[in-house]
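Just below is one structure, and these are the notes that go with it.
The values are calculated or read from the model by the stated rules, or taken from the named source; none is laboratory data. Since we're looking at a predicted model, the values are computed, not measured. Positions of Cβ are generated from backbone atoms using ideal geometry, with glycine treated the same way; all protein chains shown enter the neighbour counts. These area figures cover heavy atoms from the full protein model, side chains too; ligands, DNA and RNA do not enter into them. Shrake-Rupley method; radii C 1.70, N 1.55, O 1.52, S 1.80 Å.
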Amino acid sequence: MDLLEQIKQYLKITWDDEDTLIENYINRGKAKLNELVGAELDFDTEGHARSLLFDFVRYAYNNATEYFEENFRSEILRLQLMTGVSLMPKDDENAQI
């Protein structure tokens, strides 16, 4: 099942009339989350990034995006920290003690 269908299922949307609208929300959500984290996130696998994308689309679909960052502040911070740590060099020579 592709991302659009999974998000529609999450939102309990069974009709296809709003597919283009939802795809636009998905693209806006991906761009927003990538911007907030400062990196390209993986939305195709289960995890924090994907979960936040689903919630961003839910807020966008209900015309409430102005509340998204406020309501998901701790989850966004957790994603920022997890992404930052994962991007750190793993070479022991670069480790600072």
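Evaluate the distance, in nm, between pseudo-label points positioned 7 Å from the Cα of A39 and of S51 along their respective Cα→Cβ axes.
1.7
Angle check, please: helix 19-37 long axis (alpha carbons) against the longest principal axis of the chain (alpha carbons), in degrees 0 to 90, nearest 10.
Roughly 20 degrees, rounded to the nearest 10.
Got a number for carbon plus sulfur as a percent of the chain's accessible area, 1.4 Å probe?
Values: 3260 of 6690 Å².
Carbon plus sulfur share of accessible area: 49 percent.
How much length would be gained if the chain were fully extended between K90 and N27, taking 0.36 nm per residue of separation minus their Cα-Cα distance, in nm to one decimal? Mind showing how you got there, number by number?
Working: separation 63, 0.36 × 63 = 22.68 nm, distance 3.14 nm.
Full-extension gain reported as 19.5 nm.
Enter the accessible area per residue of the chain (Å², integer; probe 1.4 Å; all protein chains in place). All intermediate terms of the calculation are to be shown ahead of the outcome.
Working: 6690 Å² over 97 residues.
Ligands and nucleic acids excluded, the figure is 69 Å² per residue.
Where is the GNM fluctuation largest for the chain (alpha-carbon springs, 10 angstrom cutoff): D55, D16, D42?
Looking only at D55, D16, D42, the biggest GNM fluctuation is shown by D16.
Of the listed values (1) 34; (2) 50; (3) 19, grab the one calculated as percent of Cα pairs over 22 Å apart from the structure here.
Label of the calculated value: (1).
Given charges of +1 on the Cβ of Lys and Arg and -1 on the Cβ of Asp and Glu, with all other atoms neutral, how large is the dipole of the chain about its Cα centre, in debye to the nearest 20? Intermediate values should be presented prior to the final figure.
On the way: 10 positive and 20 negative charges, 65 e Å.
Here the size comes out at about 320 debye.
Once you have the Cα-Cα distance between R58 and Y10, take 0.36 nm times their residue separation minus that, and quote the gain in nm to one decimal.
Details: separation 48, 0.36 × 48 = 17.28 nm, distance 0.85 nm.
Working it through step by step, the gained length comes to 16.4 nm.
Pairs of lysine in the chain with Cα under 24 Å and at least 8 positions apart or on different chains: total?
Values: K8/K30; K8/K32; K12/K30; K12/K32.
Counting lysine pairs in the chain gives 4.
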